[in-house]
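Heads up: the structure comes next, in structure tokens.
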């Protein structure tokens, strides 16, 4: 068995020695002049190599030295870089994966993190909102239909529903949400119950008159009112100002009346400082506007 191991190792040892010989030749620049014939050149190189290895205490057989010289001439142990190409590129990428792989993983992690944040904070809530809006539109519209018989209120509810459904087809959650808000505001208006009452408190006016710009010889008369609930609370309501056409949320406003009614209320107050008949109208559940007990055009002022 020992003889078999030795026979197996020697060829490998010879190859390693031959490689070392080639390396020695390259590093020590032992190539002789090209003018020498091949045989003389090889013999000279072998002699020099034998001296070098002997000086190092290494016994290298002549056939190994000759093999090394031949290998040098044949460039047997020379690494020749492969021609550039996609295979070479892939090989370089694989070899350097430890460097660019970390960068790629970091970029991928960042992309995944951004996707998660977008899905969690933006896309997800928006999709859930879009999914919930059809039900909200239908629920609010149905509640209004059940709450009122007023044609105008029902028409407005249907209009808001159609607007919201059109927005949903475009996946416009904001526009559909505004339609839901409009339905809720309309529903809240219909559900309100209050009394429109003329203000009669010390230090506060109960009426006001205006001279219109188009006719400075005329006067427009108003009584100042507020909306009071059954428990005595005062409401803030949206009121359109007839002078600029804008809607303002106010807790008191002035309703336009005839000169005769204006003077009548003024006389009532001047009698003892108290207006006996203060209830100007009543807003009932399911109605858009109050039913007025006194004549008025419905036009209003929000400041005076």
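The values are calculated or read from the model by the stated rules, or taken from the named source; none is laboratory data. Just so you know, these numbers come straight off a predicted model, no measurement behind them. Every residue, glycine among them, receives a Cβ derived from its backbone with ideal geometry; neighbour counts consider all protein chains shown.
List of remarks:
- Filtered by the rule that a residue be at pLDDT below 95, under 58 Å from the mean Cα position of the chain (by Cα) and surrounded by 15 or more Cβ atoms within 10 Å (Cβ to Cβ), the range 243-283 gives 243, 278.
- Looking across 238, 202, one residue alone is surrounded by fewer than 18 Cβ atoms within 10 Å (Cβ to Cβ), farther than 18 Å from residue 290 by Cβ and in the same structural domain as residue 262 (by TED's automatic domain parsing). It is 202.
- Of residues in the range 130-180 being without any contact (Cβ under 8 Å) to a residue 12 or more places away in the chain and outside any helix (DSSP H, G or I), the one farthest from residue 288 (Cα to Cα): 170
- Test for residue 194: is it crowded, with 17+ Cβ neighbours inside 10 Å and either over 33 Å from the mean Cα position of the chain (by Cα) or in the same structural domain as residue 231 (by TED's automatic domain parsing) (or both): yes
- Only one of the numbered conditions (1) in the same structural domain as residue 136 (by TED's automatic domain parsing); (2) surrounded by fewer than 19 Cβ atoms within 10 Å (Cβ to Cβ) is violated by residue 176, and that is (2).
- Checking residue 286 against (1) in contact with a helix residue (DSSP H, G or I) (Cβ under 9 Å, 6 or more places away or on another chain); (2) under 30 Å from residue 143 (Cα atoms); (3) loosely packed, with under 14 Cβ neighbours inside 10 Å, the condition it does not meet: (3)
- Residues in the range 205-224 that are over 18 Å from residue 255 (Cα atoms) and surrounded by 14 or more Cβ atoms within 10 Å (Cβ to Cβ): there are none.
- Subset tally (residues that are assigned to a loop (DSSP other than H, G, I, E, B) and at negative phi) for the range 203-214: 7
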